[in-house]
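The values are calculated or read from the model by the stated rules, or taken from the named source; none is laboratory data. Predicted, not measured: the structure shown is a model, and the values here were computed from it. Cβ placement follows ideal geometry from the backbone for every residue including glycine, while neighbour counts extend to all protein chains displayed. Accessible surface is based on the protein model in full, side chains and every heavy atom, while ligands, DNA and RNA are left aside. Shrake-Rupley method; radii C 1.70, N 1.55, O 1.52, S 1.80 Å.
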Amino acid sequence: MKKVKYLIILISIIVLSWVLPKSSQLMRDNALPNNMVYYSSVEHSFVSLYRDSKKNNLVRKNSRSGKIYSNSEFDSILPLLYYRQLVVDRKMPKEICGKKILLGDLQSKSFFYHMSPTKKNTPKIKLYTMFESNSGRVRLKMPLDFFRLTNKIEFINAEDNSVNIPKSEMFQNLFDINDFKFPAVLIATNPNPKKAYDEGSFILDSENHLFHLKMMNSKPFLKKINMPKDLHPVYISILEPLDHSFYAFVYGKYGKVYQLTTDNYRFQEIDCPKYDINKDKLKIMANPFFWTLSVINKDTKISYALLASNKKVIDKDTINFKGEYNHIENYTFPFVLSFESDYSNFLYPSFIINSYINILVNLFFLLIFIVILKIKKREMAIVPIVLILFTGIYGLISILIFEE
Amino acid sequence: MIWSLIYKEWKKTNYYILSILIVGLLFEAYLCLEILRSVRMVGMPHVWDVIINRNAFLFDGIKFFSLSIGVVLGLAQYLPEIKDKRIKLSLHLPLPEHKIIFTMVIYGQIVMILFSFIFMGFILLFTSFYFPCEIVTSVLLTILPWFLSGIVVNNLLAWICIEPTWKRRIFNIILSFIIINLFFISDYPSSYVNILIYIWIIIPLLIPSVLISVYRFKEGKQD
């Protein structure tokens with residue numbers, strides 16, 4: 001019976017090590033400050049927009065000089081971001097950085113891009129959409145089939161859940177001719193039917209060769225792409241910008257980020273702060289002259305200003321977030337079991353042992369336990385003492401409830 | 001003697017089992033009809049699109065179904081035992097008490113496992129007619145933790161119901177509630193794929209917990 005009792009106590013300790021820290025986090029969690037950082041083509045420095053938590057107002061500030069701007073001044077120093085407002089106010093400059101700017105160019109060469117770890121670390125049904133890339137119509141039409149890529153390519157009709165054998169064989173022949181080595185390791189598509197146009201999918205084979213796959217006039221198109229030798233893609237994010245200048249962002253193994261351009265599939269390395277695709281967020285706010293690239297984690301937001309022409313860094317900015325580190329909680333809980341993560345939609349068991357100082361705190365809980373035993377005039381046994389020494393508050397609660 | 005115990009459990013629960021089967025199958029048939037209606041309204045390609053590209057899950061309605069039938073079956077099995085302390089009669093049988101109790105608990109577990117096979121099988125069969133194996137797999141990985149929760153709650157109800165004191169019973173309920181929450185952490189389809197093996201381990205680990213309640217009952221613990 002003792003074994004069963006301690007089994008229940010152990011289960012209780014494990015469950016408490018999950019639920020107590022999680023409940024504590026629910027009570028004290030705060031959102032990270034949402035500072036917008038953008039590189040001004042007028043001031044040639046970073047400017048930021050954030051909410052002052054004490055005065056509860058929006059602050060527009062030059063990161064280098066510390067100058068504070070009014071709303072209309074802020075619009076004027078960011079003409080490439082607030083061009084619509086400036087056009088309405090008739091304050092849009094005719095030239096920026098010594099070059100005439102056309103609104104059409106501004107719209108087509110500006111984009112916002114956001115990459116988060118959950119986009120990569122998410123359960124995915126391995127069926128993919130293939131649009132007709134050359135339909136001649138303005139709007140893309142949602143296809144009636146989906147394809148899978150296992151040891152061959154197969155198209156499945158959604159209407160009757162059957163394999164479209166002629167279409168599958170037609171595409172498979174092209175894979176064989178291009179010497180594609182199955183199984184595919186990475187498949188990147190953009191299944192959004194509201195995008196302006198479609199450039200198909202990018203597929204990495206088992207020998208680290210990248211291919212471009214699409215369907216044009218109902219015929220398959222497959223082209224092998226020459227990659228830099230040291231590039232081992234771990235993720236590809238397709239973005240079809242209005243100016244047709246690139247296909248995708250390719251993320252390499254060691255934190256490198258590349259732009260896959262439409263200039264004969266040339267890879268352009270993008271200067272980037274230290275970036276871990278599994279833990280950091282990446283944001284790009286692009287205009288025809290500069291890209292503001294930011295890497296955000298729970299401690300810092302590091303922003304680079306890049307020349308749009310060659311993606312080389314010309315300025316840097318760093319924002320440190322005030323530590324959310326809660327000393328009291330960290331010393332109370334000797335270890336934490338968790339299943340959820342901000343970086344993934346998968347559930348993973350994660351067991352983190354906190355500081356060695358927890359042993360001292362555990363001694364305090366052990367003292368409380370001994371006092372309670374004395375008050376209740378119960379005998380001390382070695383197993384509960386050892387359990388509380390190592391598991392602290394979890395052991396104390398479990399033993400007090402289930403020991404009797 | 002063991003067969004007599006099994007027969008006793010069957011007599012307690014036969015109408016409940018039949019009712020659960022009928023209601024369960026009707027409920028699942030209703031969910032399937034709803035899906036077929038959606039298909040008629042928007043077309044099958046669109047339904048595939050929302051499942052594949054927008055992570056929609058078609059069988060949300062089944063989420064707490066297994067938990068509910070686990071509770072119903074558990075109460076059907078154990079409430080009669082604690083009424084007027086009738087479990088005393090079972091414990092006086094010429095069998096080791098752990099065999100008596102485990103027979104009751106494992107009967108409930110086997111019935112719940114059979115229910116899980118039947119109800120999951122119905123859903124997966126329906127899904128396999130209209131959707132490819134990738135979607136069927138995703139449905140299975142999503143509903144499996146929910147059906148495991150029903151098996152676990154049936155086990156935990158033995159531990160809760162047979163416990164003689166309300167003070168300890170409340171703690172048992174709180175701990176059981178937290179354990180059951182493990183099966184409902186995330187609604188994201190297939191998110192449990194990496195921790196399913198750990199969840200399976202919970203089931204046999206919890207089976208002996210009822211022995212503590214029986215021991216405390218025999219010791220005459222009172223509030």
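Data overview
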| quantity | calculated |
| --- | --- |
| Helix runs (DSSP H) in chain A reaching 30 Å along axis by Cα, Kyte-Doolittle at least -0.5 | A:2-28 |
| Chain B - Kirkwood radius from inverse mean 1/r over Cα pairs (Å) | 18.9 Å |
| Between helix B:65-82 and chain B: long-axis angle, C-alpha atoms, 0 to 90°, nearest 10 | 10 degrees |
| The protein assembly as shown - convex hull of alpha carbons, volume per residue in Å³ | 212 Å³ |
| Net charge of Cβ neighbours under 14 Å - reference residue A:395; Lys, Arg +1; Asp, Glu -1 | 0 |
| Alpha-carbon Debye profile of the stretch B:53-156, log10 I(q)/I(0) at 0.14, 0.19 Å⁻¹ | -0.63, -0.91 |
| Percent RCO, i.e. relative contact order, over the stretch A:28-146, from Cα pairs under 8 Å lying at least 6 residues apart | 13 percent |
| Shielding score for A:121-131, defined as the mean number of other chain Cβ atoms within 10 Å | 6 |
| Cα convex hull of the stretch A:1-41, projected area averaged across orientations, nm² | 4.1 nm² |
| Rg and Dmax [Cα atoms of the stretch A:323-404; Å; Rg one decimal, Dmax integer] | 15.3, 50 |
| Other protein chain Cβ atoms within 10 Å, averaged over every residue that makes up B:40-53 | 5 |
| 10 Å Cβ neighbours from other chains, averaged over peptide B:164-177 | 2 |
| Using alpha-carbon coordinates, inclination of helix B:196-206 to the longest axis of chain B, degrees | 20 degrees |
| Of every Cα-Cα pair in the stretch A:44-96, the percent that sits beyond 19 Å | 33 percent |
| Value of [θ]222 nm, deg cm²/dmol, for chain A, DSSP H segments ≥ 4, -39500 (n - 2.57) each, nearest 500 | -8000 deg cm²/dmol |
| Sequence-separation-based contact order of chain A, relative, with Cα cut under 8 Å and 6+ spacing, percent | 14 percent |
| With eigenvalues of the C-alpha gyration tensor scaled by 5 and rooted, the stretch A:51-136, Å | 35, 25, 11 |
| Global form of the stretch A:1-144, assessed from the alpha-carbon gyration tensor, a/c cut-off 1.5 | oblate |
| Cα-based convex hull volume of the stretch B:10-106 per residue, rounded to whole Å³ | 115 Å³ |
| FRET efficiency, residue B:60 to residue A:162 (Cβ-Cβ, R0 41 Å, nearest 0.05) | 0.90 |
| Peptides A:339-352, A:307-320, A:245-258 ordered by average Cβ neighbours within 10 Å, highest first | A:245-258, A:339-352, A:307-320 |
| Sparse-neighbour loop sites [trypsin sites (Lys or Arg not before Pro); the stretch A:1-96; at most 12 other C-beta within 10 Å; DSSP] | A:54, A:55, A:90, A:94 |
| The stretch B:76-99 residues near the modelled residue B:2 label - backbone nitrogen below 19 Å, point 7 Å along Cα→Cβ | B:90-99 |
| Cα→Cβ-extended label distance, 7 Å offset, between residue A:132 and residue A:298, nm | 5.0 nm |
| Distance histogram for the stretch A:244-349 (every C-alpha pair counted, 5 angstrom bins, percent rounded to whole numbers) | 2, 11, 16, 19, 16, 12, 9, 7, 5, 3, 1, 0 |
| Point-to-point label distance, residue A:226-residue B:200, nm (Cα→Cβ direction, 7 Å offset) | 5.0 nm |
| Nearest-10 value in Å² for the accessible area of residue B:133, using the 1.4 Å probe | 80 Å² |
| Rg in Å to one decimal, and Dmax rounded to a whole Å, for the stretch A:92-236 via C-alpha atoms | 18.3, 60 |
